[in-house]
Amino acid sequence: MAKKTQGNGRGIPQGSGGETQQRGGPVLTTNHGVPISDNQNSLKAGQPGPTLLEDFVLREKIFHFDHERIPERIVHARGTGAHGFFECTDPIPELTRASLFQKRGAKVPVFVRFSTVAGSKGSKDTPRDVRGFAVKFYTEEGNWDLVGNNIPVFFIQDAMKFPDLIHAVKPEADRGFPQAASAHDTFWDFVSLMPESLHMIMWAMSDRAIPRSLRMMEGFGVHTFHLVNAEGEATMVKFHWKPKLGMQSTTWDEAVKISGADPDYHRRDLYEAIQAGDCPEWELGIQIFDQDWADRQPYDVLDPTKLIPEEEVPVRIVGRLVLDRYPDNFFAETEQVAFLPSNVVPGIDFSNDPLLQGRLFSYLDTQKSRLGTTNFHQIPINAPKCPMHNFQRDGMMQVQVPKGRANYEPNSLDEAGEDPGPRASDQGFVSVAAFTEPAEEKRRIRPESFADHFSQARLFFVSQTEAEQNHIIAAIVFELSKVQLKHVRKRVLAQLRNIDESMAQRIADGLGAELPPALPPAKAPVDLPVSDALSILKHPAPVEGRCLGVLVSDGADGPVVEALKSAASAAGATVKIVAPKVGGVKLKGGELLEADEKIDGAPSVLFDAIALVLSPEGADQLAGEKAALDFVSDAYAHCKAIGHTGPAKPLLDKAGVVQDGFFFDLSGSNAEALIEKLPIRDWSREKKVKLPV
Ligand code: HDD
């Protein structure tokens with residue numbers, strides 16, 4: 001018979017398990033509140049065991065662990081989120097009765113989740129992909145979810161095609177790869193057969209799909225919605241988010257390298273910015289138009305593959321979004337948040353856009369499979385912050401305890417002095433009366449007004465700068481080079497001719513292929529006036545939010561580092577010190593400069609520009625370090641500004657760079673000049689490091 005013992009039989013007291021005893025804080029308990037005395041050792045029959053089934057502490061712990069994962073989102077699985085607020089800066093009661101737009105300065109809490117679309121939850125932050133931009137506004141009259149993307153148009157016109165689109169882009173069905181990539185047969189096969197996707201393809205192949213930071217990208221509600229005022233008058237609206245830090249993208253080569261260097265690049269950037277008090281901010285803009293205006297356009301405003309050029313309908317700024325708090329718990333908040341395009345509030349309504357109509361079903365439906373219960377709205381991140389009452393009862397994981405008998409309506413329980421429960425309000429949500437004539441018969445149709453698939457794709461291409469056009473061409477060449485089915489490559493080329501002949505020819509040349517005859521378009525494209533709003537590079541971006549990587553060595557000049565730090569901080573930028581050892585370096589004056597990163601953990605792709613502050617010995621040493629050579633040659637190839645002190649020459653020479661107007665000698669007073677270049681690239685360098693496509 002086992003002896004009663006206070007220890008585990010090996011002389012180690014129970015509860016120690018190699019760790020110190022409880023150090024303050026609340027008592028550890030089971031899920032049912034029973035205090036636990038030993039969290040290190042399971043209950044055994046003698047030594048060394050076996051472990052007893054009776055050990056409810058062990059069983060509960062493992063049972064819970066076994067069920068900790070929930071199904072990832074079918075799309076947009078990888079994401080990061082933050083809390084913040086929306087502030088109305090220009091009230092629009094004449095357009096909408098939505099409570100959040102009534103008073104200047106009025107604020108409502110928000111939760112925002114950014115995501116990539118195709119990759120799994122554990123994929124990287126920087127694939128070439130669309131970024132989700134989903135905002136939950138907790139208003140006084142319920143939650144409004146604006147579930148948008150960083151691209152203002154979508155691949156398909158009808159929700160009927162969404163499962164096909166996603167199946168085509170996700171890892172191929174038989175082999176389970178590629179992960180988080182559109183560069184494969186099935187995606188381009190689908191694209192080549194669905195010309196409506198080509199406008200969004202132009203965006204997805206542009207630098208918009210490889211943003212430098214989540215803080216530096218635009219957001220769009222995509223669909224046409226309605227605003228409805230207190231008189232019940234409706235206006236059509238498109239929603240836009242404009243980033244305070246301007247737009248910035250990486251190059252493709254950078255995005256690929258960042259994936260390896262820091263797969264969490266975007267979420268880390270968001271986290272660090274919020275922790276540092278540099279709260280990311282966007283303006284909310286609206287494009288307002290009516291049915292008469294819509295009827296006069298060469299496209300249909302209900303077609304989600306079309307945008308409304310900002311030059312045609314200017315974006316009016318009505319509010320700002322500030323993200324000021326990172327979630328306390330990733331799973332409870334970012335993973336469990338459920339966005340529903342069907343979450344609208346009085347004053348905001350849907351349109352007949354067939355893609356939006358399908359979304360109204362899909363998001364509610366998917367939450368049941370992801371979160372396991374129809375009561376997912378009770379999870380704190382999803383719960384409205386205004387009162388909520390209805391007669392929907394019971395269901396799995398019901399955590400509210402409704403009182404009384406009234407769980408149906410109408411009832412007359414009040415006549416017996418009982419609580420009759422809530423009643424519908426004459427101030428409640430009212431749907432906009434339909435704008436269009438009802439169809440005379442039920443039909444599976446694609447409206448004729450949706451037939452022009454190419455004019456806006458062409459508009460997007462011709463509105464880009466030369467560097468941006470080069471990037472689009474290089475991206476399509478890259479993607480099609482990964483397509484193994486030759487007939488698919490050929491059909492894509494045949495479609496691309498309808499967008500722009502010279503672009504299609506350059507892509508064919510880049511592939512080493514003949515340009516096939518164009519496929520006949522459903523409707524002949526027309527030339528539209530260039531829209532500068534569609535380009536990133538036509539808009540100067542501020543220095544704020546950018547980061548300088550400073551490579552230092554022992555014996556480096558301390559005042560030069562200080563000058564860079566103060567110039568960066570004055571401009572709202574940051575500096576990270578990179579050194580051969582993470583412990584830092586001993587400066588020329590003998591003082592220690594701590595490093596943020598070790599050289600091989602912080603390639604220059606993580607920074608917007610670099611500086612080399614080195615002693616002659618340090619430069620000689622680093623000229624023999626591959627990571628330091630890559631630090632320089634990559635910054636050069638990625639067209640970034642490079643600051644350096646005189647002794648850095650051996651490293652610059654060995655890295656094979658040719659000094660140009662984007663090099664700054666930091667021995668003079670050039671710190672500010674270098675910092676000013678943080679958001680700017682010298683694209684002319686691309687021609688020096690890449691063969692033309
Ligand atoms: Fe979607 C998630 C954006 C079309 C079905 N979508 C999802 C998310 C974003 C978008 C940002 C992530 C939300 C989050 O962070 O939890 N989706 C869009 C945009 C679209 C779009 C801008 C077109 C304009 N989506 C779309 C269609 C369907 C879906 C046409 C289905 C018919 N989307 C879903 C979904 C997801 C989703 C399967 C996955 C997880 C979720 O909803 O909650 O229901």
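The values are calculated or read from the model by the stated rules, or taken from the named source; none is laboratory data. All of these numbers come straight from a predicted model, not from anything done at the bench. Reconstructed Cβ throughout: ideal geometry from the backbone, glycine too, with neighbour counts over all protein chains shown. Ligands, DNA and RNA are excluded from the accessible area calculation, which covers all protein heavy atoms including side chains. Shrake-Rupley method; radii C 1.70, N 1.55, O 1.52, S 1.80 Å.
Observations
- Here region 231-251 is the region considered, the condition is being touching an Asp or Glu at 6+ places or on another chain (Cβ under 6 Å) and among the charged types (D, E, K, R), and the residue that is nearest to the ligand (Cβ to nearest atom) is LYS242.
- Between VAL147, VAL153, the distinction of being of a type in the set (A, V, I, L, M), in contact with a Phe, Trp or Tyr (Cβ under 8 Å, 6 or more places away or on another chain), in a loop (DSSP other than H, G, I, E, B) and within 16 Å of the ligand (Cβ to nearest atom) belongs to VAL153 only.
- Answer from VAL488, VAL561 - the residue that is among the β-branched types (Val, Ile, Thr), touching a Ser or Thr at 6+ places or on another chain (Cβ under 6 Å) and either over 25 Å from ILE599 (Cβ atoms) or outside the structural domain of LYS244 (by TED's automatic domain parsing) (or both): VAL488
- Annotation: of all residues in region 354-371 being near the ligand (Cβ under 9 Å from one of its atoms) and among the small types (Gly, Ala, Ser), the one that is farthest from VAL112 (Cα to Cα) is GLY358.
- Filtered residue count, region 286-307, keeping only those that are assigned to a loop (DSSP other than H, G, I, E, B) and either of a type in the set (Ser, Thr, Tyr) or touching a residue at least 60 places away in the same chain (Cβ under 8 Å) (or both): 10
- Among all residues of region 95-102, there is at least one that is open to solvent by 40 Å² or more (accessible area, probe 1.4 Å) and either away from the ligand (no atom under 16 Å from the Cβ) or modelled with pLDDT of 95 or more (or both).
- Checking ALA556, ALA568 one by one, the residue that is touching a Ser or Thr at 6+ places or on another chain (Cβ under 9 Å) and not in a helix (DSSP H, G or I) is ALA556 and no other.
- If only residues of region 333-353 that are open to solvent by 10 Å² or more (accessible area, probe 1.4 Å) and of a type in the set (A, V, I, L, M, F, W, C) are counted, the one that is nearest to the ligand (Cβ to nearest atom) is PHE339.
- When we screen GLU310, GLU283 for residues that are open to solvent by 50 Å² or more (accessible area, probe 1.4 Å) and either part of a loop (DSSP other than H, G, I, E, B) or in contact (Cβ under 8 Å) with a residue 12 or more places away in the chain (or both), the only hit is GLU283.
- Residues of region 126-135 that turn out to be more than 12 Å from the ligand (Cβ to nearest atom) and open to solvent by less than 10 Å² (accessible area, probe 1.4 Å), as a count: 2
- Annotation: of all residues in region 69-106 being in contact (Cβ under 8 Å) with a residue 24 or more places away in the chain and of a type in the set (D, E, K, R), the one that is nearest to PRO280 (Cα to Cα) is GLU87.
Conditions (1) surrounded by fewer than 24 Cβ atoms within 10 Å (Cβ to Cβ); (2) closer than 23 Å to ALA261 by Cα; (3) without any contact (Cβ under 8 Å) to a residue 60 or more places away in the chain, marked per residue:
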| site | (1), (2), (3) |
| --- | --- |
| GLU594 | yes, yes, yes |
| GLU625 | yes, yes, yes |
| LEU629 | yes, yes, yes |
| LYS640 | no, yes, yes |
| LYS649 | yes, no, yes |
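- All helices (runs of 4 or more DSSP H) inside region 158-230 with 1 or more residues being open to solvent by 30 Å² or more (accessible area, probe 1.4 Å) and away from the ligand (no atom under 14 Å from the Cβ): 185-193
- Residue that is open to solvent by less than 20 Å² (accessible area, probe 1.4 Å), among the hydroxyl-bearing types (Ser, Thr, Tyr) and either within 14 Å of the ligand (Cβ to nearest atom) or under 14 Å from the mean Cα position of the chain (by Cα) (or both), where the choices are THR116, THR139: THR116
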